[in-house]
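The values are calculated or read from the model by the stated rules, or taken from the named source; none is laboratory data. It should be emphasised that the depicted structure is a prediction, and the values quoted were computed from it without experimental measurement. Quick reminder, even Gly has a Cβ in these numbers, built from the backbone with ideal geometry, and neighbours come from all protein chains shown. Calculation scope for accessible area: heavy atoms of the full protein, side chains included, ligands and nucleic acids excluded. Shrake-Rupley method; radii C 1.70, N 1.55, O 1.52, S 1.80 Å.
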Amino acid sequence: MRGFFGFIVMLQGALGFIGQVFFDGAWGLLPHWFALPSVAYVGIFAAGVALIAWEETDKKRKKARSGGEAV
């Protein structure tokens, strides 16, 4: 579930940054509620990547602990 949530967060950060820097305004859902600077959208993107990495690391750790080989 963290991976899915991380993907949504990452997507919102990317949409906000790209829309704000290269076009006339931020895209996605976050600009409807918050007025964020471009750097904040990069941080949101990084948080999404961190959630995805956490999910994948957990999967590998559980697989290794259960006796399967971690790839």
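Annotations
- Subset of region 55-69 that is over 22 Å from F4 (Cα atoms) and in a helix (DSSP H, G or I) - its residue that is least open to solvent (accessible area, probe 1.4 Å): A64
- Qualifying positions in region 11-24 - assigned to a helix (DSSP H, G or I) and open to solvent by 40 Å² or more (accessible area, probe 1.4 Å): L11, L15, F17, I18, Q20, V21, F22
- Looking across region 5-26 at every residue that is out of contact with any Phe, Trp or Tyr (no Cβ under 9 Å at 6 or more places or on another chain) and at pLDDT below 90, the one that is farthest from W54 (Cα to Cα) is identified as D24.
- Among the residues examined, G3 does not qualify as of a type outside the set (A, V, I, L, M, F, W, C), outside any helix (DSSP H, G or I) and open to solvent by less than 70 Å² (accessible area, probe 1.4 Å).
- Of everything in region 25-54 that is touching a residue at least 40 places away in the same chain (Cβ under 8 Å) and crowded, with 17+ Cβ neighbours inside 10 Å, the residue that is nearest to L11 (Cα to Cα) is G48.
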